[in-house]
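Undergrad: Could you have a look at this structure, given as structure tokens, before my questions?
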Amino acid sequence: MNKNRNTFWDFSRYLNLYKDFIGRKIYIVFTLATIASLSESIGILMLIPIFSEITDSSAAEPISNSSSGFDITYFVDGLFSLLSIDKTIVSTLLLIVLFFTFKGLITFCALAYNSYLRGKLLFNIKTRLFEKFARMQYLYYIEKDAGHFANIMNEQAYRSVDAFRSLVLFVTQAISAFMYFIFALLVSINFGLMSILIGIFLVIIFKRLNNFVRELSRKIATEKSHLLKLIIQSVQGFKYLSATNRMEKTSVFIKDSMQNLSNFQIKAGVAASLTQSVREPLAVLFLAVLMIIHITYIDPNIAPILVSIVFFYRGLNTVVNMQGSWQNSLEFIGSIELISQELIKLQENKHPEGKENFKKINNEILFSNVTFDYKNNENYVLGPVNLKFPVNTTIALIGESGSGKSTIADLVNFTIRPNTGNIFLDNVDSSNILSSSWQKNIGYVSQEAVIFNDTIANNISFYETSDANTSDLIIKAAKNACIHDFIQTLPNGYNTEVGDRGVNLSGGQKQRLFIARELFRNPQILILDEATGALDVESEKAVQNSIDILKGTMTVIVIAHRLSTIRNVDYIYLLKNGKVFEEGNFRDLRDNSNSTLNSLISAQKI
Ligand code: ADP
Ligand code: MG
């Protein structure tokens, strides 16, 4: 990216990024701003008769600025006769008050509408991000980290709205400045021209500072997301990191990042203070010089100059303020870019979807020559494999770690899609099926329990309350997951809060609670991916019991290390390096002295 892009081009690009979220409504603010500054300018113009009254009382002739070619007095007089008011000091002052009041009113509307737009903007950004986030494919999720998404959806969203506020202010100021300069030009063309030249000059001096701030803004955005990532990691891994004294190392990284961040912020702050304090003296300096030049060399008549000065001073101030707003928006504008880029990325990484609504599986899930690899470079970690999962049977996947068992489970629940080959659900090619319609039928228990910070009842029902006898179903699921008795011992029973990620529960209790939630759903397919891997013998027995209770009532896919867990399954696939190495039913394989299962059984002694 070219970092020295021209400012105007940047501006329209940024405005388009925002327009993408709130549409053309943005122009209403600008229209109101134009009306407001027009009203103010006419109010200021009314100063001419007053200044002439004060400075020109000796000279009877009215001011007519020949050099501008536009008769201001004529315009002012015209306005008075249009309103049929006598031109006196009092009526002029009243008109000035009127125009400024009108300006105030319109400014209020513009500001109020602006806040409304900011609220809408934040809402639209967040919902659009979250909708796309919810539909992204798992492969993109594992490529990023949790901090990345949290940062984009929160921090960056707020920053982009801040940048929007400054950007709109910038445009509003640009409109006013333009108006002031036009009027300054109308009142006195010499003054007007000089003021425009000075405006351009100021833009040039502040440009360098702008580039500096923009660079810092990018660095701050990157560093912040890096820091957030580190903090989230250390929060999530707190127990492990402190128990092994690895927190010290983590702290070093975090402190470094905080140091960088604070350095960037200080630099950006100093740059901002510099522009802020340089404004006034510069404006006054230019003003004084211009006045001297004009009175000495061009026209000693002071009244039109005074009014022109008012316009000029307002214009100059506005131009300098514009620099401030531009700088403020640059400080945060990187965020809307990050958000737009993320939206594009999320769109590119959309979970592949079919259209067909799949209701119920009646026959079997069939894998036909399915392969999969994570990087899509034909370095298959799985396959080609041919597998069959008939309904209401219990199938075990066994094999060494890394042999592809979880990959198969993820393919069954459509988290990932085959690279080549097909998965059929009752002869329907899975690529034609709407994932959500299939995933509704899936219960999935992984090795790491997924527990929500809520009551036990809500953890089991997952807020599904449509059924009249929800609580009976919750208890039934808990009984089948062999955790009902434990819940009964708790003082608040099913209404006990489990704490963040279930910290109040033991590993085995968490796992059984997790299983209860999946059973409550009454899924057509239940996938247990090393569900008992982390459990003690007692808890494992409980889970084993649940599997046995379910046998024949639903299709169960069990992935297990301990062969005792799969004693009663109907069929076994033994995987090796992503391929099916051996398959058959438990008894046949066990009794075949040449089978790998047979030797595994002797090793584990079950
Ligand atoms: P299992 O569940 O049998 O232990 P997996 O199905 O999880 O094995 O993994 C199969 C292979 O895929 C392994 O060789 C593993 O290294 C690889 N793998 C798993 N997850 C990823 C990933 N996110 N990116 C790249 N490779 C992966
Ligand atoms: Mg696994």
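Here, each number is a calculation from the coordinates, and none is a lab measurement. Treat the numbers as computed from the prediction; the structure is a model and nothing was measured. Cβ sites come from the backbone with ideal geometry, for glycine too, and all protein chains shown count toward neighbours.
Undergrad: Quick test for you: out of Thr555, Thr496, pick the one residue that is under 30 Å from Val235 (Cα atoms), polar (S, T, N, Q) and either touching a helix residue (DSSP H, G or I) at 6+ places or on another chain (Cβ under 7 Å) or buried (at least 18 other Cβ atoms within 10 Å of the Cβ) (or both).
TA: Sole residue among the options that is under 30 Å from Val235 (Cα atoms), polar (S, T, N, Q) and either touching a helix residue (DSSP H, G or I) at 6+ places or on another chain (Cβ under 7 Å) or buried (at least 18 other Cβ atoms within 10 Å of the Cβ) (or both): Thr496.
Undergrad: Now a separate question. How many residues does region 300-341 hold that are closer than 26 Å to Phe51 by Cα and of a type in the set (Ser, Thr, Tyr)?
TA: Residues meeting the conditions: 3.
Undergrad: Next up: State the number of residues belonging to region 459-469 that are without any contact (Cβ under 8 Å) to a residue 60 or more places away in the chain, over 28 Å from the mean Cα position of the chain (by Cα) and under 18 Å from Gly493 (Cβ atoms).
TA: 3
Undergrad: Taking Lys360 as meeting all but one of (1) within 14 Å of ligand 1 (Cβ to nearest atom); (2) not in a strand (DSSP E or B), write down the number of the exception.
TA: Unmet for Lys360, out of (1) within 14 Å of ligand 1 (Cβ to nearest atom); (2) not in a strand (DSSP E or B): (1).
Undergrad: Also, I was wondering about something else. Can you find, within region 392-420, the residue that is farthest from ligand 1 (Cβ to nearest atom) among those that are within 19 Å of Tyr571 (Cα to Cα) and part of a loop (DSSP other than H, G, I, E, B)?
TA: For region 392-420, the residue satisfying everything is Asn392.
Undergrad: Here are Gly508, Gly502: which of them is surrounded by 20 or more Cβ atoms within 10 Å (Cβ to Cβ), in contact (Cβ under 8 Å) with a residue 12 or more places away in the chain and touching an Asp or Glu at 6+ places or on another chain (Cβ under 8 Å)? Talk me through it step by step, then tell me what you get.
TA: On the way: Gly502 fails: touching an Asp or Glu at 6+ places or on another chain (Cβ under 8 Å).
Testing whether each residue is surrounded by 20 or more Cβ atoms within 10 Å (Cβ to Cβ), in contact (Cβ under 8 Å) with a residue 12 or more places away in the chain and touching an Asp or Glu at 6+ places or on another chain (Cβ under 8 Å) leaves just Gly508.
Undergrad: Right, next: Of all residues in region 422-448 being surrounded by fewer than 19 Cβ atoms within 10 Å (Cβ to Cβ) and within 16 Å of ligand 1 (Cβ to nearest atom), which is nearest to Ile515 (Cα to Cα)?
TA: Per the stated criteria, the residue is Ser446.
Undergrad: Scan region 143-160 residue by residue and report those that are over 8 Å from the mean Cα position of the chain (by Cα) and either in contact (Cβ under 8 Å) with a residue 60 or more places away in the chain or part of a helix (DSSP H, G or I) (or both).
TA: Passing the criteria: Glu143, Asp145, Ala146, Gly147, His148, Tyr158, Arg159, Ser160.
Undergrad: Starting from region 570-585, keep only residues that are on the phi < 0 side of the Ramachandran plot and touching a residue at least 40 places away in the same chain (Cβ under 8 Å), then list their pairs with residues that are of a type in the set (Ser, Thr, Tyr) and assigned to a loop (DSSP other than H, G, I, E, B) whose Cβ atoms are within a distance under 9 Å, requiring at least 6 positions of separation or different chains.
TA: Asp570/Thr393; Tyr571/Thr393; Leu574/Ser403; Leu574/Ser595; Leu575/Ser403; Lys576/Ser403; Lys579/Ser403; Phe581/Ser403
Conditions (1) under 19 Å from Asn522 (Cα atoms); (2) within 27 Å of the chain's Cα centre (by Cα); (3) among the polar types (S, T, N, Q); (4) away from ligand 2 (no atom under 16 Å from the Cβ), marked per residue:
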position: Ala396; (1), (2), (3), (4): no, no, no, no
position: Glu400; (1), (2), (3), (4): no, no, no, no
position: Pro418; (1), (2), (3), (4): no, no, no, yes
position: Gln439; (1), (2), (3), (4): yes, yes, yes, yes
position: Ser446; (1), (2), (3), (4): yes, no, yes, no
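Undergrad: Further question on the same structure: Among the residues of region 354-377, write down those that are surrounded by 15 or more Cβ atoms within 10 Å (Cβ to Cβ) and not hydroxyl-bearing (Ser, Thr, Tyr).
TA: Gly354, Glu356, Phe358, Ile361, Glu364, Ile365, Leu366, Phe367, Val370, Phe372, Asp373
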